[in-house]
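Throughout, read-outs are computed from the coordinates displayed, never taken from laboratory work. Everything numeric in this text was worked out from a predicted model, so none of it was measured. FYI the Cβ positions are ideal-geometry reconstructions off the backbone, even for glycines, and counts take in every protein chain you see.
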Amino acid sequence: MDDRKYWIGFNLIKGIGAVRMQGLVAYFGDLESAWRADPAHLMEAGLGAKVIERVIQAREKVNLDQLWEKIESQGIKILTWQDESYPPRLKEIDQPPPVLYIRGEYLPDDLFAVAVVGTRRVTPYGRQVTEEIAAFLAANGMTVISGLARGVDAVAHSAALKAGGRTIGVLGSGVDKIYPPEHRALAEQMMERGGIISDYAPGTPPDASNFPPRNRIISGLSLAVVVVEAGETSGALITAEFAAEQGREVFAVPGSILAPQSKGTNKLIQRGALPLLSANDLMQALDLTRVGEQKTARKILPADETEARLMNVLGNEPLHVDEIRNQAELPIEKVSAALVLMELKGMVRQVGGMNYVAVREVQSGYSA
């Protein structure tokens, strides 16, 4: 039986998130050993008495084999930190979700993604802008990420599909609990050309408290976040805050100072978000003209040990290729060849004089 069932088991237990899951893996080596461990060892691994009690109750009540079979029968895929196909951009964020549940597919090309989010009470202006942005992104090979909510989210997903692109929805419920229910048909279409993702276990209802945390996944999967319309208390602003913390570029569509739906976006711009005045703003900031090249390069050279070593060496401070070679302890010809392809993939950038920085470390000008 797949050992991912133990990841699911711990994912069901309240009080065990990314930090505690990491601690269990570090202490026991694997989660199967942690699932079978006695209370004394669980305490040594960093769990408190209340959480240990929940672990014991879960072991008594949950049949992991049956749960695994049920999840498989529903066509739900499971990704954990340990899976090679776990979204690499998401893995970089603070406390990435240990387990992802997916209906549809997350593909390597979905690394090239932009989130388009906003109010549920979208205006005709907001609808038009959302449709244009999402269609433009899809036409340029970008995956459109959003939250499947009413309003801007649904418009973004639909426009991406109409343009023949891929789109992914991140839910605040289990992937078997589509919310709102009137978006079930849309979700089915998305599973054909993209998917729906959640870090909540199947069966989890769409509780209001689930939605703010899921926004970190929307931004974490994306190169940038576009907020189309947002009131002063909109959840889209939470996504923008997560994006800023994660070093993602944040764009906001300006609107009338009299419109409630534009109060949030106008404030984002006031605080340093980039005003999105046309699709060309995205084209220039994200270098979308090179997406095709980057996707081709990813197929030519999948991520390997060399790339991993170079990414460990590189940060946001420019490093000369000779220093990169020294720190990575690799032959210069291997380093040079890898850097060329990594630049095409959008992983690194040359900043002049054979000096390189890691793109994942470049910070947005917007500050939350």
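Taking the Cβ of M354 as the centre, find all other residues whose Cβ is under 13 Å away and add up their charges (Lys, Arg: +1; Asp, Glu: -1).
Net of charged neighbours comes to -1.
Placing +1 on the Cβ of every Lys and Arg and -1 on the Cβ of every Asp and Glu, with nothing else charged, gives segment 104-289 a dipole about its Cα centre of roughly 440 debye. Pairs over the 20 Å Cα-Cα cut-off, from the set K70/K177; K50/K177; K50/K70; K14/K50: K50/K177; K50/K70.
Quick check on segment 301-361: take the gyration tensor over C-alpha atoms, sort the square-rooted eigenvalues as a ≥ b ≥ c, and tell me if it's rounded (a/c under 1.5), prolate or oblate. The shape class here is rounded.
Sort 8-21, 113-126 for me by packing, meaning the mean count of neighbouring Cβ atoms within 10 Å per residue, highest on top.
Numbers: 8-21: 17.9, 113-126: 23.3.
My ranking of the peptides, most packed first, is 113-126, 8-21.
Once you keep just the Cα pairs under 8 angstrom separated by 6 or more residues, what percentage relative contact order results for the chain? Rounded, it is 13 percent for the chain. Sorted on the mean count of surrounding Cβ atoms within 10 Å across their residues, most packed first, peptides 87-97, 233-243, 216-226 read 216-226, 233-243, 87-97. Since only G126, F28, A49 are under comparison, the one whose Cα sits farthest along the positive direction of the charge dipole of segment 1-147, derived from C-beta charges on Lys, Arg, Asp and Glu, is G126. Here, segment 39-128 has an Rg and a Dmax of 19.2, 60 Å when only alpha carbons are counted.
A simple packing score, the average count of other Cβ atoms within 10 Å per residue, orders the peptides 209-215, 156-162 as 156-162, 209-215, with the highest score first.
Quick check on segment 161-249: take the gyration tensor over C-alpha atoms, sort the square-rooted eigenvalues as a ≥ b ≥ c, and tell me if it's rounded (a/c under 1.5), prolate or oblate.
oblate
Which value in deg cm²/dmol, rounded to the nearest 500, describes the helix-derived mean residue ellipticity at 222 nm for the chain, given -39,500 (n - 2.57) per DSSP H run of n ≥ 4 and division by the residue count? Before the final figure, lay out each step's value.
On the way: 18 runs with 174 residues, N = 368.
That calculation yields -13500 deg cm²/dmol at 222 nm.
Here K345 is the anchor, and the lysines within straight C-alpha reach of less than 25 Å, apart from those fewer than 8 places off in the same chain, are K91, K295, K299, K334.
Quick check on segment 1-68: what does the Kirkwood estimate of hydrodynamic radius come out to from the alpha carbon pairs, in Å?
Kirkwood radius, segment 1-68: 11.8 Å.
The charge dipole of the chain, taken about its Cα centre with unit charges on the Cβ atoms of Lys, Arg (+1), Asp and Glu (-1) only, comes to about 1020 debye.
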